[in-house]
Amino acid sequence: DFKVDREAIARYGLTVGAVETEIETAIGGKNISWTVEGQQRFPINVRYSRDYRSDIAALRRVLVATPTGTQVTLGQLAKIDVTTGPPMIRDENGVKAGFVFVDTYGIDLGSYVRDARALIAKNIVLPAGYYLEWGGQYQYMLKARDTLEMIIPLTLVIIFLLLYLNFGNVTESLIVLLSVPFALVGGFWYLWFLGYNFSVAVAVGFIALAGVAAETGVVMIVYLDEAWQDVRRFNPKPAFADLHNAVMTGAVQRVRPKMMTVCAIIAGLLPIMWSHGTGADTMKRIAAPMIGGMVSSTILTLVIVPAIYYLWRSRSIGREAARSTPRRGRTTAIVVALLVVLGAGFYAWHRLPPLHRLPRRF
């Protein structure tokens, strides 16, 4: 740092600008002309040799010309000190900014930022005019979370609309839509087993899983509807036994195509879980929810959907008879038990460090 002594330079008839020009020229260099070589132009830069500007003692001997023609050493006109300062001055939003780069290990980024913000707020009082912002990948995570908060509900709405256009019935659409959260249960458990955090790649896997789960649920409802319509065609007033036989027939017809679908998807995705190399970590987090979700989706499609379908269709036969049939009680017990499993799956989801639990703003 060069601190010009204004009283000293006044005695020699110099100005601060003149002294700083000499400092700039001697140390930093100054372009005084250009040389033209063919079609190329090169600047001619003049400054002291490195031996005359390599340390403070040499800098103090730099000569400054006065208006009278005499030359005075720089040490007589300015105080030269070595101080610790930023190697580069940066600005953000029109104000000076300092950046602190942090690498995290063993903790997700959202939890680290939350803990760091609490620690800073507890131990550091910022002076007036100072403020802190958390940027980098944390900013990208906030943007990704905001995008997912819009895309995931929109995906479910689109699935429901497509189901309603297909069935023309809200009840059947909701029964199929039930396959989506139940399929997610297997994905939550498998992610928890693998120790994966919730991320954008995991969210993409869940969105793909929702589509496949809805597709398999649609096929089950179609088989059940066909079996029930066949019964109604030959028996305008079917009993509960007829409904039970129709549900069993439709569900049994669905076992083979369901197992073929599940086996094909799992067989195609399992090799990804053993892959290594560039992009493998991302692909594993996309495939994991689908592998786990296919297992729980199979249970739902083969057990839960027929049971709920039976409960729904039994209401049209007669409430009193429905209360007296023992099968209705067993069916209700199956539904309640598997809904408990559904709740346990969402508990596993709660144990994941999810993206949507990050602080919304900083």
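Observations
- For region 218-260, the tally of residues that are open to solvent by less than 90 Å² (accessible area, probe 1.4 Å) and farther than 17 Å from R313 by Cα stands at 6.
- Selection within region 100-118 - exposed (fewer than 10 other Cβ atoms within 10 Å of the Cβ) and not acidic (D, E): V100, F101, Y105, G106
- The number of residues in region 272-295 being assigned to a helix (DSSP H, G or I), open to solvent by 30 Å² or more (accessible area, probe 1.4 Å) and among the β-branched types (V, I, T) comes to 4.
- Of the set (1) closer than 19 Å to I27 by Cβ; (2) touching a residue at least 60 places away in the same chain (Cβ under 8 Å), all apply to Q71 but (2).
- Options K79, K96; residue that is closer than 30 Å to L132 by Cβ and among the charged types (D, E, K, R): K96
- Meets criteria (surrounded by 16 or more Cβ atoms within 10 Å (Cβ to Cβ), in contact with an Asp or Glu (Cβ under 7 Å, 6 or more places away or on another chain) and at pLDDT 80 or above) for I265: no
- E215 satisfies every condition listed in (1) open to solvent by 40 Å² or more (accessible area, probe 1.4 Å); (2) touching a Phe, Trp or Tyr at 6+ places or on another chain (Cβ under 9 Å); (3) acidic (D, E) except (2).
- In region 199-212, the residue that is nearest to V262 (Cα to Cα) out of those that are open to solvent by less than 30 Å² (accessible area, probe 1.4 Å) and β-branched (V, I, T) is V212.
- Only a single criterion out of (1) open to solvent by 60 Å² or more (accessible area, probe 1.4 Å); (2) modelled with pLDDT under 85 is not satisfied by N31, namely (2).
The values are calculated or read from the model by the stated rules, or taken from the named source; none is laboratory data. What you are looking at is a predicted structure, and each value in this text was computed from that prediction instead of being measured. For neighbour counting, all protein chains shown are included, and Cβ atoms are generated from backbone atoms with ideal geometry for every residue, glycine included. The area values use the complete protein model at the heavy-atom level, side chains included, leaving out ligands, DNA and RNA. Shrake-Rupley method; radii C 1.70, N 1.55, O 1.52, S 1.80 Å.
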